[in-house]
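The values are calculated or read from the model by the stated rules, or taken from the named source; none is laboratory data. Given the structure is predicted, the values throughout are model-derived calculations rather than measurements. Every residue, glycine as well, gets a Cβ built from its backbone with ideal geometry; the counts of neighbours run over all protein chains shown.
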């Protein structure tokens, strides 16, 4: 079966799925978008609504479909699952969403699709691992959205703090997309200028204090948004679009997506967000970026937190 790299499927048409579909329609990346949801009417309504914008966008076939439509999909995005409620962590969703994945992923497997699986549902690192195991796909073709959005949040907050374009800020959040994630401050820079040095150029000297405040701002931002508006969906929708661009255009860009870690950073047998070269074959290379001792310890602790959860799941 030939894969059509310009055909995308969205499984799950809730807030995140619908927002991501809208972002992908605006991007003009795909010529075909199939929407799949347990509630078929919801998928049909979203497809109609999106299709009515076609005269303002680029030609594209958008329709509500079934798992049979996945056969030749170049990219299958899974956003289906229970939402994080106020005062709930992403990890609290684990049993509900593993259950949902046990019904979705075998359906994908049955269709023998050779496209790339992009997992967005939370807890994303656990569900990426679950999808990898249940699908039987090679590891390079199963990607989670990882800490791509967390990293964008960090760049945005640093850009605001330093009054500089956030696209000139180079820094990563890595580890679990959740409470144990960490910021890699040791290699953070603004267009090649080490972060501490750039901060001092801008008259900022309380590095430790500021780094902690910005990190907490990133880590806790989803809780704050959920508290205020009930769910987060625009930021992740734009992150999904960015990952899709890398794949469809074979950009080989570096993004902290979640994928199988095999020996990197001294870790094994988990999926989590670390800088990765992403292109048309999915994960092209997981990168071991330099970490200082404290960062390595925090990453190991983050991996342990994920492993403890994985140990409770029967696959």
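One residue stands out in the stretch 181-195 among those that are under 24 Å from the mean Cα position of the chain (by Cα) and farther than 21 Å from residue 265 by Cα: the one that is surrounded by the fewest Cβ atoms within 10 Å (Cβ to Cβ), namely 189. The residue that is surrounded by the fewest Cβ atoms within 10 Å (Cβ to Cβ), counting only those in the stretch 27-41 that are touching a residue at least 40 places away in the same chain (Cβ under 8 Å) and touching a helix residue (DSSP H, G or I) at 6+ places or on another chain (Cβ under 8 Å), is 27.
Residue-by-condition table, conditions (1) over 24 Å from the mean Cα position of the chain (by Cα); (2) in a loop (DSSP other than H, G, I, E, B):
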| residue | (1), (2) |
| --- | --- |
| 205 | yes, yes |
| 209 | yes, no |
| 231 | no, yes |
| 237 | no, no |
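Of the helices (runs of 4 or more DSSP H) that lie entirely inside the stretch 1-110, those containing 3 or more residues that are within 27 Å of residue 246 (Cα to Cα) and within 17 Å of the chain's Cα centre (by Cα) span 15-27. Of the listed requirements (1) assigned to a helix (DSSP H, G or I); (2) over 24 Å from the mean Cα position of the chain (by Cα), residue 164 misses just one: (1).
Among the residues of the stretch 1-19, which ones are over 24 Å from residue 110 (Cβ atoms) and in contact with a helix residue (DSSP H, G or I) (Cβ under 8 Å, 6 or more places away or on another chain)? Outline the logic, then answer.
Let us first name the residues in the stretch 1-19 that are over 24 Å from residue 110 (Cβ atoms), namely 15-16, 18-19.
Passing the criteria: 16, 18, 19.
Assess whether residue 236 counts as being closer than 18 Å to residue 154 by Cβ, crowded, with 20+ Cβ neighbours inside 10 Å, touching a helix residue (DSSP H, G or I) at 6+ places or on another chain (Cβ under 6 Å) and at pLDDT 95 or above. For residue 236, the condition - closer than 18 Å to residue 154 by Cβ, crowded, with 20+ Cβ neighbours inside 10 Å, touching a helix residue (DSSP H, G or I) at 6+ places or on another chain (Cβ under 6 Å) and at pLDDT 95 or above - is met.
One line per residue, one yes/no per condition, for (1) free of Cβ contacts under 8 Å to residues at least 12 places away in the same chain; (2) part of a helix (DSSP H, G or I); (3) out of contact with any strand residue (DSSP E or B) (no Cβ under 8 Å at 6 or more places or on another chain); (4) over 19 Å from residue 267 (Cβ atoms):
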| residue | (1), (2), (3), (4) |
| --- | --- |
| 128 | no, yes, no, no |
| 133 | no, yes, yes, no |
| 179 | no, no, yes, no |
| 198 | no, yes, no, yes |
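Quick check on residue 118: is it under 29 Å from residue 195 (Cα atoms), in contact (Cβ under 8 Å) with a residue 12 or more places away in the chain, touching a helix residue (DSSP H, G or I) at 6+ places or on another chain (Cβ under 8 Å) and surrounded by 24 or more Cβ atoms within 10 Å (Cβ to Cβ)? Step through it out loud before you land on a result.
Details: under 29 Å from residue 195 (Cα atoms): no; in contact (Cβ under 8 Å) with a residue 12 or more places away in the chain: yes; touching a helix residue (DSSP H, G or I) at 6+ places or on another chain (Cβ under 8 Å): yes; surrounded by 24 or more Cβ atoms within 10 Å (Cβ to Cβ): yes.
No.
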